[in-house]
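The values are calculated or read from the model by the stated rules, or taken from the named source; none is laboratory data. Keep in mind the model is a prediction, meaning the values are calculated, not measured. Reconstructed Cβ throughout: ideal geometry from the backbone, glycine too, with neighbour counts over all protein chains shown. The protein model used for the area step is the full one, side chains on, heavy atoms only, and it has no ligands, DNA or RNA in it. Shrake-Rupley method; radii C 1.70, N 1.55, O 1.52, S 1.80 Å.
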Amino acid sequence: MITFKSRLLASLLLIVAIVFLVLGLFIYQLNKSSYINSSNIRLERESTLLAAKMAELNSMDEIDTNEIKEYSELLDLQITITDTKGKILIDEGDKSHEEFLESISTVVSKVSSQPQNEYTGGDTDFHYYWKELAFNGEKQGYLFLGIDLSSQEDAYQKMNTYVLAALLIAFVLIFVIGLTLVFRYMRPIESAAKVAVDLAKGNYHARTYEDNMDETGILSSSLNKLAKNLQEMVKAQEIQQDRLGTLIENIGSGLLLIDSRGYINLVNRAYKDLFMVNSSEYLYKLYYHVIEHREISDLVEEIFMTEHKVVKQLQLNIHFEKKSFQVYGVPIIGTNDMWMGILLVFHDITELKKLEQIRKDFVANVSHELKTPITSIKGFSETLLDGAMDNKEALVEFLQIILKESDRLQSLIQDLLDLTKLEQHNFSLVKEPINIMDILEEVRKLLSNKAEAKGIQLVFERLSNEVWMEGDRARLIQVFMNLISNAISYTANGGTVTVSVEEKEKNISVSVADTGIGIETGEIPRIFERFYRVDKARSRNSGGTGLGLAIVKHLVELHKGVIKVDSEVGKGTIFTVLLHKKFPY
């Protein structure tokens with residue numbers, strides 16, 4: 001592609017060439033006309049001089065041919081003398097024009113009719129001037145002085161050569177000056193154009209060279225300032241966009257942006273995680289084609305129709321799991337009340353719902369667990385007051401029942417207090433080096449009578465007498481008391497409870513296995529909830545409060561450990577506690 005600089009330079013040179021061509025032709029013609037005019041004036045003067053010289057004679061016969069020849073040689077002219085009829089009498093000169101001589105009679109007849117002393121010329125090469133020759137007042141002939149201009153052509157051709165050379169030198173000088181000026185003024189313009197193209201492509205780091213503070217310098221300076229301002233604006237916009245993008249992507253709630261035509265324009269990470277979808281499935285597609293849940297589509301349609309904010313709680317099935325959401329849907333109205341779209345915000349309140357349900361269940365369970373012993377105590381107390389106290393056997397039996405229910409009530413309250421204390425943020429363990437084998441042996445001794453009462457074999461598999469770790473001795477005794485006591489309680493008479501220890505490089509694994517009733521697979525995730533019982537009737541008869549496993553889980557987690565459960569209905573259950581040898585701070 002031809003550049004603007006090349007087109008400008010070519011146009012300038014073309015104009016200069018045309019001007020010089022016209023000027024050269026004009027000078028050529030002027031030079032030629034000047035030579036012709038000077039020659040004609042010379043002819044006129046010399047013919048007048050010769051005619052006056054000859055007029056001093058008496059007749060044409062006295063004209064000396066030799067003298068005429070001398071004049072011809074001296075003046076370098078063609079001198080021709082004729083009579084009045086055109087007959088050539090004398091013809092001297094080396095530059096005789098044959099066509100003129102051949103038609104001299106015609107010329108004489110032509111000039112005889114013209115006024116005296118008027119110039120008559122021939123063609124472009126041969127010019128002549130005539131005068132009448134009169135002797136004693138009588139016209140006897142004509143004097144013709146002629147000059148061949150071709151002989152002078154070399155002179156004005158040389159002059160034309162000089163003029164042409166001068167014009168060529170001037171053209172070269174103008175070319176050099178024009179080229180310098182074009183480069184001088186086009187360089188900043190080309191640089192500015194290149195920067196403008198870069199700015200249009202988004203390269204806001206581009207800058208142009210700033211020259212003298214003329215018009216081009218002002219252009220370059222203004223363009224650089226524009227580029228700098230655009231760069232700062234884009235940088236600020238990018239920072240703001242990054243902040244907004246980071247905020248949208250990392251906000252805890254799911255966001256869904258739908259434009260005025262119903263196409264989804266934005267889906268943040270939280271929404272994708274909540275609904276387990278990909279951006280490619282949603283972006284730039286109609287919402288009712290990609291959103292699987294009819295409840296959400298209905299909510300969007302309601303906002304489109306009413307143009308008002310909508311707040312709803314939705315319970316949705318997402319991959320076979322029920323989740324609860326607080327959904328805020330708001331219309332986006334731009335300037336001049338222009339409808340822009342809809343923004344949906346999804347707050348996952350599933351855990352809040354679960355916690356609320358747990359709270360309700362906890363209140364109900366606590367009320368129920370407290371009601372049973374209190375009802376028993378009240379009922380037997382009323383019975384005694386009604387007269388049963390006079391029967392010694394009934395009195396002793398009822399008082400034993402009241403004592404048992406009071407112990408159960410005290411145990412329930414103590415477990416609640418322990419659980420509340422464990423959940424407090426300021427609770428801390430008393431960490432010390434302990435031998436886990438001593439703790440298990442102590443627990444075995446405390447529960448041996450309970451096992452013997454049911455005919456259960458309590459087995460303690462010892463691989464070593466010392467397995468040291470760092471932890472809270474009293475709390476670990478509480479953990480294994482609950483696990484082993486539950487194993488005995490839920491194992492039928494004549495069963496077996498086995499306690500085993502496995503020492504690893506950094507961990508200790510303690511397993512409590514029984515041959516009891518087992519636990520359903522669907523109930524295993526809930527056994528650590530407060531007051532949850534696998535077999536409610538049997539567990540209540542066994543004296544349990546329903547809080548033991550909840551306390552166990554809290555204590556194990558406080559030791560930064562893990563508790564696992566493996567169970568099969570009718571075959572038994574294995575609780576495995578994994579603890580660190582060195583307490584991880």
Problem set entry | Selection from segment 480-503 of residues that are open to solvent by less than 40 Å² (accessible area, probe 1.4 Å) and of a type in the set (Phe, Trp, Tyr) | Phe480
For this session: Could you tell me whether segment 360-372 includes any residue that is at pLDDT below 90, open to solvent by less than 80 Å² (accessible area, probe 1.4 Å) and within 28 Å of Leu274 (Cα to Cα)?
Result: yes
Seminar exercise, completed: Sole miss for Glu505 among (1) of a type outside the set (Val, Ile, Thr); (2) within 60 Å of the chain's Cα centre (by Cα); (3) outside any loop (DSSP other than H, G, I, E, B) is condition (3)
Seminar exercise, completed: Restricted to segment 504-522 and to residues being surrounded by fewer than 16 Cβ atoms within 10 Å (Cβ to Cβ) and at pLDDT below 90, the residue nearest to Leu440 (Cα to Cα) is Lys504
Exercise. Restricting attention to segment 299-333, which residues are acidic (Asp, Glu) and either within 15 Å of Leu256 (Cβ to Cβ) or not in a loop (DSSP other than H, G, I, E, B) (or both)?
Worked result: Glu301, Glu302, Glu321
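Test of understanding: among Ile174, Ile258, Ile251, Ile189, which residue is closer than 30 Å to Thr350 by Cβ, β-branched (Val, Ile, Thr) and surrounded by 16 or more Cβ atoms within 10 Å (Cβ to Cβ)?
Exactly one of Ile174, Ile258, Ile251, Ile189 is closer than 30 Å to Thr350 by Cβ, β-branched (Val, Ile, Thr) and surrounded by 16 or more Cβ atoms within 10 Å (Cβ to Cβ), namely Ile258.
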Exercise. Can you name every residue in segment 255-281 that is touching a Lys or Arg at 6+ places or on another chain (Cβ under 8 Å) and at pLDDT 90 or above?
Worked result: Tyr263, Ile264
Problem set entry | Residues located in segment 442-479, provided they are touching a residue at least 60 places away in the same chain (Cβ under 8 Å) and open to solvent by less than 80 Å² (accessible area, probe 1.4 Å) | Met469, Glu470, Gly471, Asp472, Arg475, Leu476, Gln478, Val479
Exercise. Out of all the residues in segment 72-88, which are crowded, with 17+ Cβ neighbours inside 10 Å and of a type outside the set (S, T, N, Q)?
Worked result: Leu75, Leu77, Ile79, Ile81, Gly86
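Listed here are the residues, each with its yes/no results for (1) touching a residue at least 40 places away in the same chain (Cβ under 8 Å); (2) in a helix (DSSP H, G or I); (3) of a type in the set (A, V, I, L, M, F, W, C).
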{"site": "Leu21", "(1), (2), (3)": "no, yes, yes"}
{"site": "Asn58", "(1), (2), (3)": "yes, no, no"}
{"site": "Ile68", "(1), (2), (3)": "no, yes, yes"}
{"site": "Tyr71", "(1), (2), (3)": "no, yes, no"}
{"site": "Asp91", "(1), (2), (3)": "no, no, no"}
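In segment 401-421, how many residues are under 18 Å from Ile377 (Cα atoms) and either exposed (fewer than 12 other Cβ atoms within 10 Å of the Cβ) or out of contact with any helix residue (DSSP H, G or I) (no Cβ under 7 Å at 6 or more places or on another chain) (or both)?
The total comes to 6.
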